[in-house]
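Step one of this worksheet: look at the structure below.
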Amino acid sequence: MTQAAPKLLTFDDFIARYGDNERYELIDGELIDMEPTGPHEEVAAFVMRKVNVEIDRLSVRWFTPTRCLIKPLGTKTAFRPDVVVLDKAAIASEPFWQDEPVITLGTSIKLVVEVVSTNWQNDYARKVEDYSAIGIPEYWVVDYLGLGGRDYIGNPKQPTVSIYLLANSGNQYQKPAQFRGSEHIISPTFSSLQLTAEQIFATVN
């Protein structure tokens with residue numbers, strides 16, 4: 001017996017039915033359950049708090065929305081990042097922003113953070129591809145359980161923060177810098193950030 005393929009959603013359908021439901025995002029028209037857990041939310045909240053302290057310290061017109069979707073233009077995809085830093089001065093160019101918290105332009109985004117869940121392939125592969133394509137300059141993958149494949153975080157697998165930066169060509173990421181244990185995270189967006197990988201991971205211990 002063959003099973004019917006799941007019905008694909010348009011972006012408008014997704015917004016109407018799931019726009020306010022933080023459990024789901026859309027990839028190529030397919031509804032994706034992000035499978036959030038309590039510890040996942042603890043890690044995301046800790047990183048957001050540290051980022052907001054830096055935004056205040058720098059006195060820049062950046063902010064971290066509590067709900068936001070990233071939609072590559074011309075696609076049936078809408079990612080729901082765990083943490084995103086937006087540039088207040090740039091979002092005036094966003095076509096959806098006045099009606100929906102939807103971002104389409106890399107120029108509006110300073111930094112995106114994804115906290116890895118069981119569907120880690122999306123964070124390490126698909127989002128690396130799409131976030132680089134729209135020009136997001138800095139992308140963190142916070143893998144606090146060491147779930148990612150060995151090709152991404154090495155062998156033996158261990159909790160890792162991977163930071164992807166755009167290459168000079170501007171349309172793909174360089175090989176990520178990776179941080180573990182007591183290593184201080186190096187972020188071009190927040191160059192004075194005082195944060196180690198183990199401080200993030202200790203959030204859930």
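The values are calculated or read from the model by the stated rules, or taken from the named source; none is laboratory data. Worth saying up front: this structure is predicted, and the values here are computed from it rather than measured. Don't worry about glycine lacking a Cβ; one is built from the backbone with ideal geometry, like all the others, and counts go over all protein chains shown.
Name the single residue that is farthest from Ser132 (Cα to Cα) among those in the range 155-165 being out of contact with any Gly (no Cβ under 9 Å at 6 or more places or on another chain) and in contact (Cβ under 8 Å) with a residue 24 or more places away in the chain. Let's see the steps before the verdict.
As a first pass, look at the range 155-165 and keep what is out of contact with any Gly (no Cβ under 9 Å at 6 or more places or on another chain): 155, 161, 163-165.
From what is left, the residues that are in contact (Cβ under 8 Å) with a residue 24 or more places away in the chain are 161, 163-165.
Details: Val161: 18, Ile163: 12, Tyr164: 9, Leu165: 8 Å.
Per the criteria, the residue is Val161.
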For the range 175-192, pairs from a residue that is in contact (Cβ under 8 Å) with a residue 60 or more places away in the chain to a residue that is in a loop (DSSP other than H, G, I, E, B), with Cβ under 6 Å and 6 or more apart or across chains, are Ser187/Leu193
Of (1) polar (S, T, N, Q); (2) in contact with a strand residue (DSSP E or B) (Cβ under 8 Å, 6 or more places away or on another chain); (3) touching a residue at least 40 places away in the same chain (Cβ under 8 Å), Ser117 satisfies every one except (2)
Only unsatisfied item for Glu42, checking (1) part of a helix (DSSP H, G or I); (2) closer than 21 Å to Ile27 by Cβ; (3) of a type in the set (D, E, K, R), is (2)
Yes/no for Leu73 being surrounded by fewer than 22 Cβ atoms within 10 Å (Cβ to Cβ), aliphatic (A, V, I, L, M), modelled with pLDDT under 95 and assigned to a loop (DSSP other than H, G, I, E, B): yes
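Has the range 156-167 got at least one residue that is assigned to a loop (DSSP other than H, G, I, E, B), under 27 Å from Ser93 (Cβ atoms) and at pLDDT below 95? Step through it out loud before you land on a result.
Applying the first criterion (assigned to a loop (DSSP other than H, G, I, E, B)) to the range 156-167 yields 156-159, 167.
Cutting the leftovers down to under 27 Å from Ser93 (Cβ atoms) gives us 167.
Still in the list and also at pLDDT below 95: 167.
Yes.
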Residue pairs within 6 Å by beta carbon, gap of at least six or interchain, first lying in the range 89-100 and among the small types (Gly, Ala, Ser), second not in a helix (DSSP H, G or I), listed first then second, are Ala89/Arg61
When the range 135-156 is checked residue by residue, the ones that are crowded, with 20+ Cβ neighbours inside 10 Å and more than 19 Å from Gly181 (Cα to Cα) are Ile136, Glu138, Tyr139
Gly106 passes all but one of the listed conditions (1) without any contact (Cβ under 8 Å) to a residue 40 or more places away in the chain; (2) buried (at least 23 other Cβ atoms within 10 Å of the Cβ); the exception is number (2)
